[in-house]
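These notes concern the structure reproduced below.
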Amino acid sequence: METQTKEETNALEKLYAETLQKVERGVIAKGRVIAVKNDGIVVDVGYKSEGMIPVSEFTAEELSGLKEGDDIEVLVERVNDEEGVVYLSKDKALRIRASEALAAAYNNNSIVEGKVADKTKGGLLVNVMGVKAFLPASQIDIKAIRDLDSYIGQTLPLKILKMTPQKGGPNQAPGMSLIVSRRAIIEEERNKKKKETLSVLKEGAVLKGLVKNITDYGVFVDLGGIDGLLHISDISWRRVNHPSEFFSIGDEAEFIVLKYDPETEKVTLGYKQRIPDPWLTVEEKYKPGMTLEGKVVTIADYGVFVEIEEGLEGLVHISELDWTPRLKHPSKYVNAGDEIEAVVLSINKDERRLSLSVKQLRPKPWELIGRHYRVGDKVTGRIKTITDFGAFLRLPEGVDGLVHISDLSWTKHIKHPSEVLKKGQKVDAVVLSLDPGKERMALGVKQLTPDPWQAEIPAKFKLGEEFSGKVLRITDFGIFVELEGGVEGLVYSSEVDASREIKEGDGIRVRIIKLNIEDRKIGLSMKNLKTHEN
């Protein structure tokens, strides 16, 4: 409340005296509407003559609702008995009443209500009992206000900081200039709450508070007239990345006072301390091998954090999410908020570590392979990886079997598996060997058909016989030729017809000069042919 100067006090007292004199002379009287005319409102105020209020003192809305018999309070300005006219004013009566009420509110330090009419330089214009008042921007709230427009049209509780009387002009009632404050009311309420809070504020006390601000390092809480800081480390027994995971501005919750300094009024709060530290009893409640249910709370590149109970989290490392050898990102297996089951692998209370596994709930793929397959069984999968020595076939169970390059064809000489296989290709194969304990499986593609070297080739290809073939590769030691049925033979360099220029893809005529069934080799010659090419 600003201190009233002596001159202002004297002027205000003079205003009150003049008002009283007018009341004595003119009196504020209650009248009854006799008639509503175009040039004025006829009112009976108990004099021998009826009075008249100028129509200009009424708004269109007031006039539309005004009717004969309505009561109305007016100021009797003067009576002209000679003319038989009583001069009345509704506006001046309202101003005098407002002045009286405002003066009383100012002297009693009581609250008045005002409706924000407009924005002006440095603050707001407020209508208080029909009187224009100025509400400085600094007096709107205890915090800085940036958007003054949002207050326009609102009705606010206010206190009068300064009241300066103003003399009325000709035919005008005296007025006044008002400076009002909403901040004063807020500060009074805050100080009252602060007094109540301080009466119960002590270390260990549990108090309700309102979240007013959130930072990277903690949460500021209004405890009622006094603020406390909840550090991020005191929010939960589990790992907290940011306070916003737990709180939003405006949230109300209960907090524990950890520290309080009466001199600085610094308050340190705790939230996780509402419950006992779950890590203190973790080894008593949980054992390795136990199956638990929990909620996925955080997904990281290296694994998934699962909340087992409030404040207690376990880590499912990425390697414990699936049995597959080539793991995807953890987000491909679970989503935040999922309820999952896991097996306890290990517990370390001192380091606050709880290791969990999801894949241990399922049989190992190699165990399934050992149950489902036997040597000689036919399997189907897709080529996962191609190497120089073979290709790995991914089976539906998630394990890879090796198809060695030597098991791709009975008859073709394959230099690299990519000549006949592509990554992602669907392939049938036969189980050649199986060792689930060592997680090994050998597969063959050529074994899907009978070995032509056992009967078909010896019966079809005889020494001395001649055949047509296609040149596959030319090397220093000879020419590889594809014969009928995809069988390959080698024209030794000494048996090449030097008179011809030969290139890959050419068709040539050859004679079998060597047949080694055991080594699966056919030797060829381009010389001494009985049948020549056309």
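In the set (1) over 20 Å from Glu320 (Cβ atoms); (2) not in a helix (DSSP H, G or I), Gly370 fails one condition alone, (2). Any residue at all in the stretch 377-399 that's under 28 Å from Asp506 (Cβ atoms) and not assigned by TED's automatic domain parsing to the domain that holds Glu482? Checked against the condition, which is being under 28 Å from Asp506 (Cβ atoms) and not assigned by TED's automatic domain parsing to the domain that holds Glu482, the stretch 377-399 yields no hits at all.
Would the stretch 329-342 turn up any residue that is over 30 Å from Leu201 (Cβ atoms), of a type in the set (Asp, Glu) and in contact with a helix residue (DSSP H, G or I) (Cβ under 8 Å, 6 or more places away or on another chain)? Yes, that holds for at least one residue. Phe467 passes every criterion in (1) over 30 Å from Arg394 (Cα atoms); (2) in contact with an Asp or Glu (Cβ under 9 Å, 6 or more places away or on another chain); (3) assigned to a helix (DSSP H, G or I); (4) not aliphatic (A, V, I, L, M) apart from (3).
Condition check ((1) modelled with pLDDT of 85 or more; (2) among the polar types (S, T, N, Q); (3) on the phi > 0 side of the Ramachandran plot; (4) not assigned by TED's automatic domain parsing to the domain that holds Asp261) across all residues:
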| site | (1), (2), (3), (4) |
| --- | --- |
| Gly153 | yes, no, yes, yes |
| Pro170 | no, no, no, yes |
| Ala173 | no, no, no, yes |
| Ala184 | yes, no, no, yes |
| Lys192 | yes, no, no, yes |
| Lys195 | yes, no, no, yes |
| Val206 | yes, no, no, no |
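Condition first: in contact with a Pro (Cβ under 6 Å, 6 or more places away or on another chain), of a type in the set (Gly, Ala, Ser) and either assigned by TED's automatic domain parsing to the domain that holds Arg146 or not in a loop (DSSP other than H, G, I, E, B) (or both). Can you find one or more residues in the stretch 87-101 that meet it? Checked against the condition, which is being in contact with a Pro (Cβ under 6 Å, 6 or more places away or on another chain), of a type in the set (Gly, Ala, Ser) and either assigned by TED's automatic domain parsing to the domain that holds Arg146 or not in a loop (DSSP other than H, G, I, E, B) (or both), the stretch 87-101 yields no hits at all.
Given the residues Ala93, Ala101, which is the only one that is closer than 30 Å to Asp141 by Cα and small (Gly, Ala, Ser)?
Ala101
The values are calculated or read from the model by the stated rules, or taken from the named source; none is laboratory data. This structure is a prediction, so every number in the text was calculated from the model and none was measured. In this analysis, Cβ positions are derived from the backbone assuming ideal geometry, glycine residues included, and neighbour counts consider all displayed protein chains.
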